[in-house]
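Each value in this text was obtained by applying a stated rule to the coordinates, not by laboratory testing. Keep in mind the model is a prediction, meaning the values are calculated, not measured. Cβ placement follows ideal geometry from the backbone for every residue including glycine, while neighbour counts extend to all protein chains displayed.
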Amino acid sequence: MFELIDNGDTGRLGFIPRFVQANRGTRLGDLLWTTGDTKIASRRFVDVLAAIGATGYRTFPVDVVDGEGAPLGDFVGLAIEDGDTGKDLHFSNGVQLWNFAATGRVVDALMQAGVTELSITSARQDR
């Protein structure tokens, strides 16, 4: 089940994955890190990717709530498709993990949009 979620293949689950904020921080960034390999991105984050025509990712619905079940922001699941370095987003370690690589144009666009909690390594080959 977790692999389906990590890979963004949630249509086969029959439910929308729910993530509960566990830390005591008061500020949510544009990337929410889970305790596993699932990545959660703000709508702003994926809107930037879409606006520049970025490749190598897919999104899926998630519910993100606080400890009492109240919705937190506008977030979607973010899955990196594969390790193809010809794509804007790709595995940085050969498999779906919590981290991923991105081209410089993606990093630049995200930074210009003011995204927060950004921890992306720019790929060696830039486009």
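Here is how the numbers come out for the structure above:
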| quantity | calculated |
| --- | --- |
| Label-to-label distance, nm, for residues given as ARG58 and LEU72 (7 Å Cα→Cβ offset) | 2.6 |
| Neighbourhood net charge (9 Å Cβ-Cβ; Lys/Arg +1, Asp/Glu -1) for HIS90 | -3 |
| Sites GLN112 and THR85, calculated FRET efficiency, Cβ-Cβ separation with R0 25 Å, nearest 0.05 | 0.60 |
